[in-house]
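Read-outs: derived from the displayed coordinates by stated rules, not from any lab. Owing to the predicted nature of the structure, the values given are computational and were not obtained by experimental measurement. Here the Cβ positions follow ideal geometry from the backbone for every residue, glycine too, while neighbour counts run over all protein chains shown.
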Amino acid sequence: MTLVLSGRKYAGVVKASLKNRVSDLQGLPPGLTVIMVGDDPASKVYVAAKEKACKKVGFNSHVIHLPAEISKADILSVIDRLNADCAVHGILVQLPLPDHIPAGLIASAVLPEKDVDGFHPVNVGRLWRGEEGLFPCTPSGIVGLLHHHDIRMSGKKALIVGRSNIVGKPMAALLLRENCTVTVAHSRTADLTGQCRDADILIVAVGKPEMVQRDWVKPGAVVVDVGMNRNSDGKLVGDVAYDDVFAVCSAITPVPGGVGPLTIAFLLENTFKARAKLLAK
């Protein structure tokens, strides 16, 4: 019987645990500040969801809205102020940014100790060196979800389709920590279908509606679908043809309700962790 890996249910477990831990704290609760540049409609939705989640678990939450035409110097000045604010434990700069603001420059400006997105070069280095740090939320949530369902990763062949800095690359590093044998595939990979068929754990993050079909999947594989797309009928679908693949895999994440809810849950986890580390200094 195929196991449905509900990220929505697991995110609820994570948030309930956080709420209990916050209620036991003394002093300032965890504080997260989100910087939003411009008025991207999707970003507005995401930022509102983050703010709502913070309040539900007892975090202090603030959103700073900046105009799309803001200069690099001015946004860096805002980040410097937040870096120095002891009531701010986590800083998140909502993507995408306007074209004249380099995302790499902004990621490097946030203190590594407050970088709850896990994008600062120091945290990237810590991730690949096997050290402690703040790591990207979506891959961290996926590993947490697999652990929550007692899915064995050690010794398994894992294939990640997609090599982004947000999901693909950090996912590879985290699965190596779990003792998987990891392959990262991408648009230039030869025989992608064959690579997928060889994977015990298949993680797909490419942004192509229902690209992965039933005959791409090894019988009994665990399939994690990170995609979020609209098909030709306007229906929300993932990168995996869910109904067809469901028949051959041992476990699969749905879309929606799979990986998506994990991102905010582990953003909160990172903020809680950042507070503890900052207060221990």
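Panel order for 86, 54, 249, by other beta carbons found within 10 Å of each beta carbon, from fewest to most: 86, 249, 54. Counting only the Cα atoms, the chain fills a convex hull of 134 Å³ per residue.
When 131, 113, 178 are arranged by Cβ crowding within 10 Å, least crowded first, meaning fewest neighbours, the order is 131, 178, 113.
Where the centroid of each part is defined by its Cα atoms, how far is region 21-59 from region 92-153 in Å? Region 21-59 and region 92-153 have Cα centres spaced 17 Å from each other.
Among 100, 148, 186, 120, the ranking by other beta carbons within 10 Å of each residue's beta carbon, starting with the fewest, stands as 100, 186, 148, 120. DSSP beta bridges fully contained in the chain are about 5 percent antiparallel. Across every pair of non-identical alpha carbons in region 238-281, the mean reciprocal distance, once inverted, gives a Kirkwood radius of 12.9 Å.
Electrostatic tally near residue 73: other residues with Cβ closer than 15 Å to its Cβ, Lys and Arg +1, Asp and Glu -1, net -1.
Which net charge results when you count Lys and Arg as +1 and Asp and Glu as -1 among the other residues whose beta-carbon is under 12 Å from that of residue 44? Overall, the nearby charge balance is -2.
Taking all C-alpha pairs of region 26-111, those more than 21 Å from each other amount to 29 percent. How tilted is helix 7-23 with respect to the longest principal axis of the chain? Cα atoms for both, answer in degrees (0 to 90, nearest 10). Around 30 degrees separate the two axes.
Helix 260-280 and the long axis of the chain differ in direction by around 40°, with both axes built from C-alpha atoms. For the residue pairs 15/114; 50/281; 15/72; 52/235; 9/50; 9/281, the alpha carbons lie more than 23 Å apart in 50/281; 15/72; 52/235; 9/281.
Around the amide H of residue 63, modelled in the peptide plane, lie the amide H atoms of 34, all under 5 Å away and 5 or more residues distant in sequence or on another chain.
For region 136-281, dividing the convex hull volume of the Cα atoms by the residue count gives 115 Å³ per residue.
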